[in-house]
Amino acid sequence: MGLPELLELNRDLQGSRAIRLLATTNLSLYATLMERHLSDGAVPETELVVHLERDLAELDDPQSGLALIKSWAAQGWLHRIVDERHDQNVCYLTQDTRRALDFLRSMRRQDTIATGGSITGIASRMKQIAVRVDNDPARIRKHIEAEIAALHEELDQLDAGQRPQPDVTGCYDEARAIALQMERLITDIGQYGTMIEQATAALDEPIDTNTEYRDRQRQMYTDYQTAWDSQGRDSHRAFLRMINDPDQRAEFETDVAAVAEALPALDPALRKVMAGFFELVGHQIDEVERIQQRCAQRVKRFTAFGTMEQSRGVARQLNEAIGAARALLKSSFTDSRLDIEVPLTRHAISSVGALSFKIGDLSNPKPAEHAASDVDLTSFAALTTQVDASAMSDMLNRALRDGPVELPDAVAMLDTAYLGHVIVLWSWALTQPNPQQAESTTVRFRSLDGRDREIAVPRLKFTEPITTLAGAAT
């Protein structure tokens, strides 16, 4: 990793909420109160205010409990939400705050994995992994036979009423390492919720254009896919299955009780983590569900807003297209003008004779001539937000590597071309260097009613790559 990349990553960490909490001048007070009242999960706000006021008075601190809660929430260290089931506010720590508290606890306890039995456990687990990935049949057979012999010896001793004394030092070291891992997992299990929270965090920001809406929608799907493929989601699902399986949970709780009874000198804080593991993980699962509900509401609002904006955009584009078509029709008439505007959509008048016109000159009309004006294709530029203009420009730029591409050939590259695709490609071709007059040809496109149609387009050539969608559209 290069020096600039490493510096940028460290800057991102410096701006995180966990680092801000560790850097605050009131860290000792905040960590004490958070760990005392919020380490076990969600707490009703009224109850939390009472506890904080009592502790602050005992510590001779003039701060208000409610003001402290609001300050923590503003810093992103605390969630304040409405519990609709009990119609009250509840508070619980964010994942960043939990990580900071885990770090403080490890420093306070002087946690270390460099113990007397750690090297034995490391060698044993490394041996298991090596056997799984090894392709040497002789080595694998030797390991399996050694394990079978050890198990047979243990069974013989058990049948004879003998039970050798366990290595107490190794058991304490292994149990302590497991408890430390459980403490970290309780925090990390909510990482999946943090990822989907970040995926939808930008959806509440204002949107000005349809293009911006499209880009933000694509980014949301990308972030959701990243969260879906993450280890946090896998851990979330694995713990959810284990918690909901009564047999696995009962067996695990039995093992925890046996370890706690056989190892009385285990650290009380770690013993508490082991005994309340499922309850603490359950709080994290509930937090992920609350985050999912908030994200679903954001996506719902975002989608509704996008639908409204897109509807307005479609209406504007239709009005511009209708205006351009009317101007073209008016300039093409060589007979007397009609007394009415020609409707381009089906009218709602059902009475007979409601529409009429008269011809002032009864002589044969002159042959129709081609219109002198051209359709202004720039009025159709907004259609770039209704087609996948980014993918279409990438396709066209790849084709330009082999030489110039004519407009009909560019239309033929599309699997299913609609009128919007043809118009957008046409508008892009007009920005390319081309002669004033170009031969025309017909291209086929699919109508919204499912029928195949044709339209005449000039043989304009693409010779330069489409650099930006904004520049291409204009």
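So which residues in region 153-193 are open to solvent by less than 30 Å² (accessible area, probe 1.4 Å) and of a type in the set (S, T, N, Q)? Hit for region 153-193 is Thr187, nothing else. Considering region 225-236, and only residues there that are open to solvent by 90 Å² or more (accessible area, probe 1.4 Å) and at pLDDT 80 or above, the residue that is nearest to Gln284 (Cα to Cα) turns out to be Trp228. No other residue among Glu253, Glu261 is of a type in the set (D, E, K, R), open to solvent by 80 Å² or more (accessible area, probe 1.4 Å), part of a helix (DSSP H, G or I) and closer than 29 Å to Leu38 by Cβ apart from Glu253. Just one of the numbered conditions (1) of a type outside the set (Ser, Thr, Tyr); (2) under 17 Å from Leu396 (Cβ atoms); (3) modelled with pLDDT of 85 or more is not true of Ile466: (3). Within region 408-431, is even one residue farther than 24 Å from Arg398 by Cβ, open to solvent by 80 Å² or more (accessible area, probe 1.4 Å) and either without any contact (Cβ under 8 Å) to a residue 12 or more places away in the chain or among the charged types (D, E, K, R) (or both)? No, the conditions are met nowhere in region 408-431.
Just checking, which of Ile148, Ile129 is at pLDDT below 85 and in a helix (DSSP H, G or I)?
Values: Ile148 fails: at pLDDT below 85.
Ile129 is the lone residue from the list that is at pLDDT below 85 and in a helix (DSSP H, G or I).
Name every residue in region 82-102 that is open to solvent by 30 Å² or more (accessible area, probe 1.4 Å) and either of a type in the set (D, E, K, R) or under 23 Å from the mean Cα position of the chain (by Cα) (or both), in order of residue number.
Going through region 82-102, the residues open to solvent by 30 Å² or more (accessible area, probe 1.4 Å) turn out to be 82, 84-89, 96, 99.
Once the filter is applied, which keeps residues that are open to solvent by 30 Å² or more (accessible area, probe 1.4 Å) and either of a type in the set (D, E, K, R) or under 23 Å from the mean Cα position of the chain (by Cα) (or both), region 82-102 yields Glu84, Arg85, Asp87, Asp96, Arg99.
Scanning region 432-444 for residues that are open to solvent by 50 Å² or more (accessible area, probe 1.4 Å) and of a type in the set (Ser, Thr, Tyr) gives Ser440, Thr442. Close Cβ contacts (under 8 Å, 6 or more residues apart or on different chains) running from residues in region 243-271 that are closer than 27 Å to Gln110 by Cβ to residues that are not basic (Lys, Arg) and not in a helix (DSSP H, G or I) comprise Val259/Leu266; Ala260/Leu266. Being open to solvent by 30 Å² or more (accessible area, probe 1.4 Å), within 25 Å of Ile189 (Cα to Cα) and either of a type in the set (Lys, Arg) or free of Cβ contacts under 8 Å to residues at least 40 places away in the same chain (or both) is a property that does not hold for Arg54.
Looking at Ser28, Ser71, Ser39 in this structure, which one is small (Gly, Ala, Ser) and not in a helix (DSSP H, G or I)? Outline the logic, then answer.
Numbers: Ser28 fails: not in a helix (DSSP H, G or I); Ser71 fails: not in a helix (DSSP H, G or I).
Selected residue: Ser39, the only one of Ser28, Ser71, Ser39 that is small (Gly, Ala, Ser) and not in a helix (DSSP H, G or I).
The lone criterion from (1) exposed (fewer than 15 other Cβ atoms within 10 Å of the Cβ); (2) at pLDDT below 60 left unmet by Ser379 is number (1). In region 416-455, how many are touching a helix residue (DSSP H, G or I) at 6+ places or on another chain (Cβ under 8 Å), outside any helix (DSSP H, G or I) and among the small types (Gly, Ala, Ser)? Matching residues across region 416-455 total 2. Of everything in region 383-395 that is buried (at least 20 other Cβ atoms within 10 Å of the Cβ) and either in contact with a His (Cβ under 7 Å, 6 or more places away or on another chain) or of a type outside the set (Ser, Thr, Tyr) (or both), the residue that is modelled with the lowest pLDDT is Leu383.
Just to be sure before I move on: is Ser28 closer than 24 Å to Lys272 by Cα and surrounded by fewer than 19 Cβ atoms within 10 Å (Cβ to Cβ) in the structure I sent? For Ser28, the condition - closer than 24 Å to Lys272 by Cα and surrounded by fewer than 19 Cβ atoms within 10 Å (Cβ to Cβ) - is met. Looking only at residues in region 11-25 that are surrounded by 11 or more Cβ atoms within 10 Å (Cβ to Cβ) and of a type outside the set (Ser, Thr, Tyr), the one that is farthest from Gly65 (Cα to Cα) is Ile19.
Kindly evaluate Thr46 against the criterion of being among the polar types (S, T, N, Q), part of a helix (DSSP H, G or I) and either open to solvent by 70 Å² or more (accessible area, probe 1.4 Å) or at pLDDT 85 or above (or both).
On the way: among the polar types (S, T, N, Q): yes; part of a helix (DSSP H, G or I): yes; either open to solvent by 70 Å² or more (accessible area, probe 1.4 Å) or at pLDDT 85 or above (or both): yes.
Here the answer is yes, as Thr46 does meet what is asked.
Select from region 203-232 the residues that are outside any helix (DSSP H, G or I) and among the hydrophobic types (A, V, I, L, M, F, W, C) and list them in ascending order. So that I can check it myself, show each step before the final result.
Here is the first cut: in region 203-232, the ones outside any helix (DSSP H, G or I) are 205-209, 229-230.
Passing the criteria: only Ile207.
The values are calculated or read from the model by the stated rules, or taken from the named source; none is laboratory data. Quick caveat: nothing in here was measured; it's all calculated off a predicted structure. Neighbour counts run over all protein chains shown; Cβ positions are idealised from the backbone, glycine included. Surface areas here come from the heavy atoms of the whole protein model, side chains and all, with no ligands, DNA or RNA. Shrake-Rupley method; radii C 1.70, N 1.55, O 1.52, S 1.80 Å.
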